[in-house]
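Just so it is clear, none of the values below were taken in a lab; they were calculated from the coordinates. Since this is a predicted model, take the numbers as computed values, not measurements. Note that we place each Cβ from the backbone using ideal geometry, even for glycine, and neighbour counts take in every protein chain shown.
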Amino acid sequence: MAKVTTTSHFLKSLHSLSFFRLTSSLATELASLIEQNSSPAKTTNPKPQTRMQLKRFLELRIKKRVKSQLSHHDGKFHNLIQNVVSNPQTLLDAYNIIKINSNIVTVSANSAENKAEDNRDGYNGDGYFLNDVAQCLNEGSFDVNANTYSISTRKKKKRRGFDEKEEELLMLDLVLPNLKLRVVQEALRIVLEVIFKPNFSKISHGCRSGRGRVAALKYICKSMVSPDWWFTLLVEKKIDGLLMEKLVCVMEDRIEDGCLFDLIRSMFDARVLNFEFGGFPKGDGLPQEGILSPILMNIYLDLFDSEFHRLSMKYEGVRGGGEVVDGDKPSSALRSWFRRQLGGSSNGGVGVVESSGVKVYCIRFMDEIFFAVSGSRDCAVSFKSEIKNYLKESLMLDVGDRTNVLPCVGAGSSVRFLGSLVKRNVEDSPAVKAVHKMKDKVEMFALQKLEVWNYGTARIGKKWLGHGLKKVKESEIKHLADSSSLLSQVSRFRKSGMETDHWYKQLLKIWMQDVGVQNAKSEENVLSKFVGEPALPQELTDSFYEFMKQTEKYISTEADSIIKLLPNNNSSTEQVIAKTEIIAPVYAIKKRLERYGLATPDGFARSANLLVMHDTSEIIDWFSGIACRWLKWYENCANFNEIKLLISDQVRKSCIRTLATKYRIHESEIEKRFDEELIRLPPTQDAEKETMNEELGVEVFDNDEALMYGIAYSGLCLLSLARIVTEARPCNCFVVGCLASAPRVYTLHVMERQKSPSWKTGFSTCIHPSLNKRRLGLCKQHLRDVYLGHISLQSIDFGAWK
C-alpha cells in the first residue's frame with residue numbers, strides 16, 4: 001500500500017514538473033516573441049511628440065527633484081536652490097522649456113534624457129552658459145542686476161517738477177531679464193508650481209490645468225444655479241515692500257530656504273519681477289507680465305480664496321435657513337452647507353424640501369474676480385462690502401469698483417468678465433414658445449403671399465413699360481403710326497433731333513408727376529402700385545389687402561388669446577427659466593478693425609496699408625491669425641454667428657483688398673490667382689472647429705491652459721517692414737533660443753493701450769508703450785508663429801539690439 005502511495009506521489013510530481021517545464025518553455029517562447037516584435041520598433045522612428053507633451057515631460061522631471069526635497073518631519077521643502085534650481089540638469093530642462101515656448105522643438109523626450117546624462121559634467125550646445133549660472137547660484141553669487149536690461153519710452157514728457165517727472169518716467173520703464181535670468185525664473189516657476197499649485201482652491205483659475213478661461217466661463221454658465229445678483233471686482237496694486245514681505249511669509253509655511261527668498265527679493269529690488277495686480281490683462285502673452293507673476297499672484301490671492309470659503313459658510317450655513325425634514329423640524333443649515341460642498345445628493349430623509357436660503361458663488365481668474373449671489377440685494381451688498389474690506393485691510397490691495405451690485409435679469413444687467421459680456425436672458429416657457437412658433441408660421445405665410453403679389457404686379461408693370469416703348473418706336477414709322485392716337489397728338493411737343501429713348505424717358509417723367517410718385521422705394525414698387533394693381537380687377541385687389549389686414553390683426557392679437565386658453569396658465573405659479581450666456585464684444589471688435597485699418601468708419605472692408613510690403617503668405621497668415629483666434633475664443637458665445645459673419649464679410653475681404661493693393665490688380669483676379677493660399681482663411685460662415693485645429697496644428701493635449709498660458713490667448717500685433725537685412729547689416733532672429741538669421745527687420749506698432757479689464761478682441765490690447773516703434777528681427781518661421789498665435793511677445797528678446 002505504501003508503495004502504491006509513493007508511486008502516485010511520484011506520478012503527480014512528474015506531472016507537475018512536466019507542466020512546469022511546459023509553462024516555462026511557453027513563457028520563454030512568448031518572451032522571445034516579444035523581443036522579436038520589439039526589436040524592429042527600436043529601429044523605426046517613434047511618433048513625434050507635440051510641444052506641450054515635451055514641455056510636460058520636462059516639467060515632470062523637475063517635479064521629481066522638487067518632491068525629493070520634502071521633509072516629512074515638518075512638511076516643508078528644504079534647500080531648493082542648492083539641490084534643485086542650481087542643478088545644471090534643472091537649468092537645462094528650464095532652458096528647453098523656454099525654447100519650446102518659442103516653438104523651437106529640437107529635442108524629443110528620449111534625446112533630452114540622453115543629453116542630460118551625457119552632459120552631466122558640462123553642456124556645450126547653445127546652453128553653454130548654464131554651468132556658470134548653476135555655479136553662481138550654488139555659491140550665492142548670482143547677480144540679478146547684471147542680468148537685466150531696461151527699455152524706456154522715447155516720448156518726451158513735459159517738465160512739471162523734478163520729483164513728479166522722475167516718478168512718471170519710472171512707471172514707463174520696462175525692466176526685462178536676459179537669457180540667464182530668464183532660465184532661472186523659469187526654473188523657480190516650476191518649483192513654486194509643484195509646491196503650491198496642488199493646494200489651490202477650486203475657484204482659482206488661470207495658469208492651471210483644466211481651470212483656464214474656458215472653464216471659468218463654463219462654470220458661470222452651467223454651475224451658478226439661479227443667481228439673483230452679480231458683480232465683479234478688479235484687484236489693483238503695484239507690488240511694494242509690504243506686499244513682498246507678506247508674500248514671503250505665506251511661502252515660508254511650505255518652504256524653508258533663505259536663499260530662494262533672497263533671490264526673489266533681489267528680483268523685486270531690480271524691478272525685473274514684473275509682478276503687478278491690475279494694470280494689464282493677465283495671460284495675454286504681454287512682455288510686461290513676468291514669468292513668476294502668475295504663480296506668485298495665485299499664491300498671494302489664495303488667502304482670499306480661503307476667506308471666500310469662510311464667508312460662504314457664514315452666509316449659506318448661518319444666514320441661509322435650514323431644510324425641512326418630514327415637515328417637522330428644520331435640519332442644520334450648517335450640515336446642509338457641508339453636504340453641498342461635498343457634492344452629496346442624499347439628505348438622509350424623506351420629503352426633504354430644498355432650502356431657499358442664500359447661495360454665493362465666486363470665480364477668480366488671476367486678479368479679476370466674478371461674484372454671484374442667490375438671495376436678497378441687501379445680502380449681496382453686505383457680502384460685497386466684506387469682500388472689499390478683506391482685500392483692502394488684510395491683503396493691502398486696492399479694489400477697482402468697476403460695477404455695482406446688478407440684478408442678473410433685466411435691462412443693463414450684463415457685466416464684463418474676461419474680456420466678454422456675461423448676460424442672463426429669460427427663456428420662454430414651452431407654451432409661449434408654441435404660440436410664438438405658430439405666430440411666426442402665419443407671419444411667414446403672409447410674407448410669402450406678399451412677395452408673390454408684388455412680383456406678379458411688378459411683372460405686369462414691366463410688360464406695360466415694354467409695350468409703351470414699342471408704341472413709341474412704332475409712332476416713328478410712317479406706315480405703322482396712328483395719327484388719331486394720343487401718342488401722335490403729344491408728339492408735337494417732341495423737340496427736333498431728340499432720340500427715342502430720351503423722348504420716352506420724358507414721357508415717363510411727366511406720367512410720374514401726374515400720378516404723384518414720391519419717395520418710391522424702387523422701380524418695381526412704382527410699377528406694382530401705379531401700373532400693375534390698377535390693371536387688375538378691383539375685387540381681386542380689395543380681397544388681397546383685406547387678407548393682409550386680417551393677418552396683421554391675427555398676429556398682434558392671437559398670441560394673447562391663445563395663451564389665455566392654455567391649461568394651467570397662472571402667471572404667479574409659472575416658473576421663470578433663465579439662461580446665462582457669454583456674449584462676444586462685437587462692437588469693440590468692429591472698433592478695433594477700424595483702428596487697425598481693416599474697415600472704414602461705415603463698416604466696409606479696406607486694405608491694410610501697413611501690411612502691403614509683406615509677402616503674400618505673410619499677409620494671409622496675419623489675417624488667418626485673427627480669424628482663427630476669433631473662432632477659438634468665441635466658439636461657445638451666444639453670438640458666434642456674428643463673429644463668423646465678420647470673418648467672411650470684413651476679414652476675408654480686407655485680405656483680398658490688401659493683396660489687390662499690393663499687386664495692383666482687381667479683386668476677382670486676386671481670388672483666382674491666390675485661390676489655394678486663400679483656403680487658409682475660413683472662407684464662409686460654415687468654418688468648423690476641425691478646420692481651425694488643422695490650420696493651427698492643435699492637438700487635444702495642447703489645449704491645456706496651464707502649459708499654454710500666455711500663448712493660447714496672445715493677441716495679434718501689427719508689424720510693418722522696416723528694412724531688408726543685408727550682409728553689411730546682418731541680424732539674427734530675436735526669438736529666444738533661435739539661431740537662424742532674420743531676412744527682414746520689422747517695426748512693432750502699439751495700436752492701443754487698454755488697461756485691465758479690457759475687451760478680448762483678438763488683438764494685443766495693452767503692449768507696454770516703451771515697445772512702440774521698437775525694431776526686431778524675425779525669421780520667417782517665427783514671424784508666422786507670431787501671426788498665427790503659436791508664440792507670444794514674451795518669447796522675443798527685445799534686448800538683442802542694445
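Overview of values
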| item | result |
| --- | --- |
| Fully extended contour minus Cα-Cα distance, from S496 to D173, at 0.36 nm per residue | 108.1 nm |
| Computed lengthening from I665 to T600, 0.36 nm per intervening residue step minus Cα-Cα distance | 21.3 nm |
| Distance (nanometres) between label positions extended 7 Å along Cα→Cβ at F445 and N639 | 3.5 |
| Simple label model, 7 Å out from Cα along Cβ direction - V381 to E539, nm | 7.2 |
| 28 Å Cα-Cα threshold exceeded, pairs from K76/K755; K246/K282; K462/K672 | K76/K755; K462/K672 |
| Simple label model, 7 Å out from Cα along Cβ direction - Q513 to H72, nm | 10.7 |
| Ranked D257, D240, D602, criterion: other C-beta atoms within 10 Å, fewest first | D602, D240, D257 |
| Cβ-derived FRET efficiency at R0 56 Å, D143 paired with E427, nearest 0.05 | 0.35 |
| Entries in K579/K644; K180/K632; K591/K644 that, when Cα-Cα distance is taken, lie over 26 Å | K180/K632 |
| Neighbour-count order for T600, T726, fewest beta carbons within 10 angstrom listed first | T726, T600 |
| Over 30 Å (Cα to Cα) - which of K449/K471; K67/K359; K237/K314 fall in this group | K449/K471; K67/K359 |
